[in-house]
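For reference, the structure is listed below as structure tokens.
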Amino acid sequence: MKFCAVKQYFDDENNNNITSGASTTMIPLPNVESHPLAILITYCKKHLKIKANNADNKKETEKEMEQYEQELLKKVMPQELTELILAANYLNFKEALDFFCRAVASAIQNKSIEFVRKFFGLESDFELGEEEKLREEFAWSFEGVDED
Amino acid sequence: MADSRRKKPKYPKTQRLTLMADPSQSESSEEKAVGGVDRISDLPDCVLIHIVSFLPFNQTILTSLLSTRWKPLWTYVPILDIRNNYFPRVSRVLRLLQLKAPCIQTFRMLYNYSVNPYQLDRLVSTVTTPNLKVFDLRIHSTENYWKLSPSILSCKSLVVLKLAWKIDFHPLLSSSLSFQLPRLKILRFKRISFRNCNSLTRLLSACPVLEQLSLKVVSFPKDVCLKIWVPTLKLLRITNARFWFRFESEFPVVGYKYEIDAPSLEYFEFGGPLGDIIFLGKLDNLIEARLHIWSIENDESLYDLGLEMKLERIFNLLVPLNKLKFLSFSYSARECRGFGSFCSMFQNLVRLDFTFNNRNWDVLQALLRVAPNLRVLFFKRSYDYHRCHHWSPAHVEEHNQLCSSEPPKDPNALSSHLTTFYFRGYSGIENEVEFVKFILKESRLLKTMTVEVEVESYMSEEGVLEKLSTFPRSSSTCLLTVK
């Protein structure tokens with residue numbers, strides 16, 4: 001069970017002596033929206049399927065998984081990635097979390113600070129002059145950054 | 001289940017001016033700021049750090065400019081990897097390390113400056129914390145060597161140690177300091193010279209759980225035997241670059257006597273001129289071996305070192321490996337004397353990748369005789385000779401006549417389990433045709449035979465397919481393909 005949070009829920013349920021025959025248990029997931037959840041479920045199923053198909057060959061598994069991930073990224077809007085990360089984090093789904101974090105990192109790689117702030121919806125709350133000081137100190141890191 | 005927006009999006013600083021100048025445009029600018037809703041701040045710090053950890057090093061630092069919350073996050077990223085083309089000055093690296101050091105688990109650096117021992121020592125001692133797991137340092141300087149500082153060899157948490165190039169072990173390891181690497185599992189040396197072999201042996205004895213040892217282009221004095229005695233070792237790789245001999249080296253070049261005692265060994269790889277390799281004890285757990293043996297002809301220095309190609313050496317190397325399942329074997333040399341036969345069987349051998357060159361049929365014959373359970377035979381032509389020395393086909397034939405080597409003919413030699421045969425580099429000369437005929441005739445269970453025609457032989461695929469299809473075969477289910 002990849003969704004560790006859900007698994008935990010089931011474990012807790014069993015401890016409370018709820019009949020294991022109940023097939024449609026409602027599990028409340030207040031912090032997960034339906035759209036990211038759907039994507040995560042598809043991702044999970046695909047992952048397990050690929051793993052089962054290529055039980056012996058680890059390289060094949062990785063290759064197929066990469067191809068699937070590339071396809072998935074084309075369909076998902078960059079802004080949705082944040083939602084997906086939140087969902088994966090809440091569900092404690094490690095592989096998806098790694099994947100989406102990597103995707104976000106490549107989306108913000110080589111981009112200017114302003115772009116990244118816009119992307120995340122962040123606001124700079126530095127004190128006056130603090131940001132300039134930091135920029136100066138780390139001026140050498142700015143090489144290789146795209147213009148917005 | 002949509003969450004209601006908890007906070008209204010605030011206009012980013014850079015857009016305030018447009019807002020004041022033209023109020024009617026304010027809505028469109030809000031729409032333009034896609035991702036205006038700040039959801040990322042709902043994530044816990046550890047996830048944000050995880051995102052930052054996938055960025056290249058210099059960009060992780062930039063994230064500190066995003067907001068006050070993001071300012072310290074980069075210092076918690078457990079990886080410090082400065083191997084790419086971007087070289088900060090070492091003094092900067094040191095300063096950054098002061099901030100980050102306690103959290104670093106993986107440290108990888110390509111040091112491309114002239115060696116400054118003081119700086120390097122400080123670097124190593126700052127990075128060596130109880131959290132450090134991976135240490136990978138390559139010193140590409142063209143000048144001096146750096147004497148390895150002792151702190152890294154007493155790092156109790158270290159799991160992976162990779163050192164390359166201009167690093168000198170000797171003074172350190174000949175001192176009376178004691179070393180402890182109780183968690184070290186992977187050890188890789190590249191282009192390191194050991195002035196005497198005791199240093200390496202001593203280091204190995206300080207690693208009680210070592211699982212992988214990789215010696216790439218490592219040299220030690222000739223006539224000295226390098227002892228690799230590691231009971232927990234699962235992977236051993238000893239490889240040499242073809243042109244290593246042409247490099248200048250301060251240390252006397254290249255001994256090739258190994259004494260290996262590694263009863264848990266599962267994977268063994270060897271590449272280079274073959275000296276004397278002795279295995280102490282049995283290798284009952286061996287699964288795979290890759291042997292790529294070559295020699296430099298017309299190089300007197302090799303003869304000096306006692307490294308001329310001797311078939312006995314190959315024989316002695318193969319005998320202790322007889323428990324393995326997968327063998328990949330190639331050797332190129334001009335010598336062709338009788339090989340002899342193995343007295344013990346290679347019962348578990350399931351797949352054999354053999355690189356042939358018209359002179360090593362004897363070895364192939366000997367192997368096939370003792371591998372009754374062989375299922376897959378991957379047969380590849382070696383390109384060393386005929387390409388490098390530009391021999392004409394006539395010359396090749398002439399040379400082949402001189403060697404009394406013939407393709408296997410003994411029907412008992414071929415495994416009755418062979419299911420797959422792959423031939424890469426088929427050029428239609430007599431020996432090859434004989435061999436293919438032989439395989440078709442003797443393998444009763446053969447399912448697929450694929451022949452890849454050598455591009456320069458100007459044979460057509462159809463022609464080859466036609467010819468090969470005429471050969472008698474004992475397997476009724478064999479699929480013959482020519483590419």
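A short reminder: the numbers here are calculations on the coordinates, not readings from a lab. Quantities reported herein were computed from a predicted structural model and do not represent experimental measurements. So basically every Cβ, Gly included, is an ideal-geometry build from the backbone, and we count neighbours across all protein chains shown.
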Between A:Glu123 and B:His140, Cβ-based FRET efficiency (R0 35 Å, step 0.05) works out to 0.20
Per-residue average of Cβ from other chains inside 10 Å of A:95-104
3
Enumerate the calculated ³J(HN,Hα) couplings along region A:122-132 in order (Karplus 6.51 cos²θ - 1.76 cosθ + 1.60, θ = phi - 60°), each rounded to whole Hz, writing x wherever the residue is Gly or Pro.
8, 10, 6, 10, 6, 6, 4, x, 5, 5, 4
Formal net charge of residues neighbouring B:Asn285 (Cβ-Cβ distance under 10 Å; K, R +1; D, E -1)
+1
For a quick check: sort B:Trp229, B:Trp70 by the number of other beta carbons within 10 angstrom, fewest at the front.
B:Trp229, B:Trp70
Rank the residues B:Thr450, A:Thr42 as a footprinting-exposure proxy: fewest other Cβ atoms within 10 Å of their Cβ go first.
A:Thr42, B:Thr450
Considering amide H positions built from the backbone, and no H for Pro or chain starts, which residues 5 or more places from B:Ile277, or on another chain, come under 5 Å of its amide H?
B:Tyr258
Lys, Arg +1 and Asp, Glu -1 on Cβ, resulting dipole of region B:38-163 about Cα centre, debye, nearest 20
200 debye
If you take every residue apart from B:Trp70 with its C-beta less than 11 Å away from the C-beta of B:Trp70, what net charge results, scoring Lys and Arg +1 and Asp and Glu -1?
+1
Which residues' amide hydrogens lie under 5 Å from the amide hydrogen of B:Glu452, considering only partners 5 or more residues apart or on another chain, with H built in the peptide plane?
B:Phe423, B:Arg424, B:Gly425, B:Tyr426, B:Lys483
Ranked packing of B:109-119, A:86-96, most packed first, by mean Cβ within 10 Å
A:86-96, B:109-119
Expected integer from the mean partner chain Cβ neighbour count at 10 Å over B:47-59 is 6
Go through A:Lys111/A:Lys133; A:Lys59/B:Lys483; B:Lys71/B:Lys133; B:Lys156/B:Lys185; A:Lys46/B:Lys234; A:Lys45/A:Lys74 and tell me which ones have a Cα-Cα distance over 22 Å in this structure.
A:Lys59/B:Lys483; B:Lys71/B:Lys133; A:Lys46/B:Lys234
If each residue's Cβ is checked for other Cβ atoms within 10 Å, how do A:Leu134, A:Leu122 rank with the fewest at the top?
A:Leu134, A:Leu122
Pairwise centroid distance, computed over Cα atoms, of region A:40-113 with region B:212-232, Å:
42 Å
